Amino acid sequence: MGHATAPLRPAKAAKSRALSGDVRIPGDKSISHRALMLGGLAAGETRITGLLEGEDVLATGRAMQAMGAALRKDGDTWIINGVGNGCLLAPETALDFGNAGTGCRLTMGLVGPYDFETTFTGDASLSGRPMGRVLEPLRLMGVQVRAEAGEKLPVTLRGPRAPAPISYRVPMASAQVKSAVLMAGLNIPGITSVIEPVMTRDHTEKMLKGFGAALEVETGADGARTIRLEGRGTLAGQTIDVPGDPSSAAFPLVAALIVPGSDVLIRNVLMNPTRTGLILTLQEMGANIEILDPRQAGGEDVADLRVRASDLTGVTVPAERAASMIDEYPVLAIAASFARGETVMRGLAELRVKESDRLAAVARGLEINGIDCTEGPDWLSVRGRPDGKGLGPTASNAVVATRLDHRIAMSFLVMGLASETPVQVDDCLIIATGFPEFMTMMKSLGAEITEQ
């Protein structure tokens with residue numbers, strides 16, 4: 001039974017003693033998706049350690065299996081025998097991506113140019129999310145598209161007999177759109193180009209190069225990046241160690257900052273500059289975050305983070321930083337709730353089309369827990385209470401609606417660890433889509449979280 005039709009399981013977080021401990025964050029979600037996709041496409045064997053084993057990532061693995069890749073787990077290592085570039089097989093049934101927006105959109109790019117039909121489905125949350133931003137460049141390549149009204153799932157794609165490369169300027173800061181076009185370019189003769197005015201996470205470019213794709217990146221005087229990929233080249237299996245997900249690290253990190261007396265070490269966190277906007281913002285707010293043992297792993301920057309409880313002060317987060325921390329705004333809003341003064345977050349339009357309308361979900365959750373906040377079309381301002389006094393449900397039955405969104409659930413459970421009265425969310429089962437270890441990890445640090 002899919003989560004969308006499963007019963008909800010409420011959870012509650014209460015004021016906790018100082019958090020302490022040493023934790024290792026699960027593998028980065030973005031890199032895990034891409035490792036399974038390119039491993040399934042490349043010739044030969046790919047071995048992956050540190051893979052995030054959440055439902056979203058496993059949905060991508062199942063999709064690659066349905067198109068011919070062999071996938072198995074041996075101890076802590078996932079082993080994929082790929083089909084070879086250009087050799088995906090037509091799936092016998094629809095590819096069900098559950099709640100996985102990244103897996104769904106990137107696989108649309110990967111399979112779009114193939115001369116067979118592929119249908120994409122998902123749960124209620126994913127089926128409500130727009131796919132047009134990915135479908136537009138695929139149409140320019142000659143892909144035939146059938147979709148529900150509003151360019152939503154289910155979507156059926158059929159590639160042309162002779163797909164044509166394109167040069168595509170991404171109209172918004174979106175790593176998913178950029179990556180979908182590059183994935184499509186793998187099976188198109190000639191040079192496929194993507195121009196992105198604002199740099200977004202660059203895991204796709206790095207990993208494509210690692211698998212042997214002919215790819216080059218050029219940055220113009222205006223800061224726009226042009227990525228050129230030569231299609232129909234040979235990809236070879238690789239060994240990949242997936243670093244810890246900074247978007248997952250955000251939850252114990254913020255919890256340690258707002259729970260008095262806390263001192264937590266978070267190991268093996270991805271420090272790619274396109275993903276560190278939250279750390280930079282929290283440091284500007286006065287957070288005591290020590291970056292230890294910076295190093296390289298699998299072509300990516302990683303480090304350990306020592307985080308200690310801190311007095312935070314509100315800041316204005318510039319819109320241009322949004323691309324480097326788009327998934328972290330919900331938990332940043334929680335940190336801002338315990339900061340002195342006002343925190344203003346701009347450039348948040350992308351939050352409207354995440355697993356939920358995250359901007360609205362965060363604002364409603366803050367309001368019912370006594371936080372003074374203002375929501376705009378693409379911005380949020382939060383006026384905090386440094387001691388947490390008076391924070392918590394404004395009515396005895398006030399429960400945060402998670403809207404099938406794991407980041408909303410985790411963010412408000414973090415809030416409850418430092419608020420005056422416990423905070424309840426309507427569902428914690430959805431957390432398994434992206435961070436299945438969250439509850440166990442937080443409890444190991446001393447967090448008072450209970451499932452209802």
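Placing +1 on the Cβ of every Lys and Arg and -1 on the Cβ of every Asp and Glu, with nothing else charged, gives the chain a dipole about its Cα centre of roughly 380 debye. In a fully extended conformation the segment linking Thr374 and Ala224 would gain 50.7 nm over its present Cα-Cα distance, using 0.36 nm per residue.
Note on Ala297 and Asn397: their simple-model spin labels are 4.7 nm apart, each label 7 Å out from Cα toward Cβ. Look at where the Cα atoms of the stretch 414-434 and of the stretch 82-130 average out, and the two centres are 32 Å apart. Run the reach check for Lys206 against lysines, Cα to Cα strictly under 20 Å, same-chain hits fewer than 8 apart removed. What comes back? In chain and number order, the partners are Lys29, Lys178. Backbone geometry of the stretch 324-336 corresponds, through the Karplus equation with coefficients 6.51, -1.76 and 1.60 at θ = phi - 60°, to 3J(HN,Hα) couplings of 8, 7, 4, 7, 9, 4, x, 6, 5, 4, 5, 4, 5 Hz, x marking Gly and Pro. Assign one of three labels to the stretch 29-241, namely rounded, prolate or oblate, based on the Cα gyration tensor with a ≥ b ≥ c the square roots of its eigenvalues; rounded applies when a/c is under 1.5, prolate when it is not and a/b is larger than b/c, and oblate otherwise. The shape class here is rounded.
How high is the FRET efficiency from Ala149 to Arg9, r the C-beta distance, R0 30 Å, rounded to 0.05?
Working: r = 33 Å, r/R0 = 1.08.
Step by step, r from the Cβ atoms, then E = 0.40.
Each Cα pair under 8 Å and six or more residues apart adds its separation to the average, and for the stretch 29-241 the resulting relative contact order is 22 percent. Answer rounded, prolate or oblate for the stretch 219-299, using the Cα gyration tensor with square roots of eigenvalues a ≥ b ≥ c: rounded when a/c is under 1.5, else prolate when a/b is larger than b/c, else oblate. Taking the square roots of the gyration eigenvalues as a ≥ b ≥ c, the stretch 219-299 is oblate. Exposure proxy ranking for Leu265, Leu305, Leu270, based on other Cβ atoms within 10 angstrom of each Cβ and starting from the fewest, stands as Leu265, Leu305, Leu270. Ranking Ala213, Gln65, His203 by Cα position along the charge dipole of the stretch 29-241, where only Lys, Arg, Asp and Glu carry charges on their C-beta atoms, puts Ala213 farthest toward the positive end. Extension gain, Ala164 to Asp311: 0.36 nm times the residue separation minus the Cα-Cα distance gives 47.4 nm. Split the chain at each of the trypsin sites (Lys or Arg not before Pro) in a DSSP loop with at most 11 other beta carbon atoms within 10 Å, and the longest piece is 162-388.
Structural descriptor for the chain: relative contact order 20 percent, calculated from alpha carbon pairs under 8 angstrom and at least 6 residues apart.
What separates the Cα centres of the stretch 338-408 and the stretch 160-215 is a distance of 35 Å. Under 18 Å of direct C-alpha separation, and excluding same-chain neighbours fewer than eight residues apart, Lys15 reaches these lysines: Lys389, Lys443. Helix 358-368 and the long axis of the chain differ in direction by around 10°, with both axes built from C-alpha atoms. Pick out, from Leu110, Asn99, Ser30, the residue whose Cα sits farthest towards the positive end of the charge dipole of the stretch 29-241, with +1 on the Cβ of Lys and Arg and -1 on the Cβ of Asp and Glu. Comparing the listed Cα positions along the dipole, Leu110 ranks first. Per-residue extension of 0.36 nm, minus the Cα-Cα distance of Val217 and Phe116, leaves a gain of 33.2 nm for this segment.
With helices as the sole contributors, the chain gives -8000 deg cm²/dmol at 222 nm; each DSSP H run of n ≥ 4 counts as -39500 (n - 2.57), and the sum is divided by every residue.
Each residue of the stretch 10-21 was assigned a 3J(HN,Hα) from its phi angle through the Karplus curve 6.51 cos²θ - 1.76 cosθ + 1.60 (θ = phi - 60°); the sequence is x, 9, 9, 10, 10, 3, 10, 5, 3, 7, 8, x Hz, with glycine and proline shown as x. Measuring from a point 7 Å past the Cα of Thr450 along Cα-to-C-beta, which residues in the stretch 400-439 have an amide N at less than 15 Å? In the stretch 400-439, the label zone of Thr450 (backbone N under 15 Å from the point 7 Å along Cα→Cβ) covers 417, 421-425. A cut-off of 5 Å between modelled amide H atoms, ignoring neighbours fewer than 5 places along the same chain, links Arg201 with Ala175.
Computed from backbone phi, the HN-Hα couplings of the stretch 216-230 come to 9, 10, 10, 9, x, 4, 7, x, 5, 9, 10, 10, 10, 10, 8 Hz, rounded to whole numbers (Karplus: 6.51 cos²θ - 1.76 cosθ + 1.60, θ = phi - 60°; Gly and Pro given as x).
Just so you know, all these numbers are worked out from the coordinates, no wet-lab data involved. Everything quoted here is computed from the prediction, not taken from an experiment. All Cβ positions, glycine included, derive from the backbone under ideal geometry; neighbour counts span all protein chains shown.
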